[in-house]
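Asker: The structure's right below; bear with me while I get my questions together.
Every number in this text was worked out from the coordinates using simple rules, so none of it is lab data. Keep in mind it's a predicted model, so treat the numbers as computed, not measured. Backbone-built Cβ (ideal geometry, glycine too); neighbour counts: all protein chains shown.
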Amino acid sequence: MRILLLVCAAMLIIAIFNLPIAYYSIMRIIVSIGAIVLVFTEFRKGINFWIFAFALVGIIFNPIMPVYLSDKSSWTPIDIIAACLFVVKFFSIQVKFQR
C-alpha cells in the first residue's frame, strides 16, 4: 500500500514536465487505481476526509471518462495537490512491525 502511494506521488510530480501522451494515460490508470484502493481501505475505517479527497482524485484522473482541461498549465497545480495528498497519506499510515 505504501509503495503504491509513493508511486502515485512520483508519477504526479513527474507529470509536471512535458512528456508524451502515453505517460499521462498510464499515469491516469495508476493514480486512479491508487485512489480507488485508498477509498476502499479508508471506507472500512468509517467516513473520513481521505475518502472524499481520494474519491475526487479518482474522478479527476479516471481513464475511462477523462477530464480534459484547456492546457498543460491547468494541470500543474492539480498534479501537485494530488501528489501532496498521496505523500501526506503515506506518512500518516503507521507501519505495523511483527515480532
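Asker: How large is the convex hull of the Cα atoms of the chain per residue, expressed in Å³ as a whole number?
Answerer: Cα-based convex hull of the chain, divided per residue, equals 103 Å³.
Asker: Now, a different point. Just need the relative contact order of the chain here, percent rounded to a whole number, with Cα pairs under 8 Å and 6+ apart.
Answerer: 40 percent
Asker: Of the chain, which part is the longest with no chymotrypsin sites (Phe, Trp or Tyr not before Pro) in a loop (DSSP not H, G, I, E, B) and with at most 12 other C-beta atoms within 10 angstrom?
Answerer: 18-67
Asker: Specify the residue with the greatest mean-square fluctuation among 46, 58, 34, computed from a Gaussian network of the chain linking alpha-carbon atoms under 10 Å apart.
Answerer: Maximum fluctuation in the GNM of the chain, among the listed residues, is at 46.
Asker: Per residue of segment 63-68, what does 6.51 cos²θ - 1.76 cosθ + 1.60 with θ = phi - 60° give for ³J(HN,Hα)? Whole Hz please, x for Gly and Pro, Karplus curve as stated.
Answerer: x, 7, 10, x, 8, 10
Asker: Can you tell me the FRET efficiency between residue 72 and residue 7 if r is taken as the Cβ-Cβ distance and R0 is 25 Å, rounded to the nearest 0.05?
Answerer: The value I calculate is 0.70.
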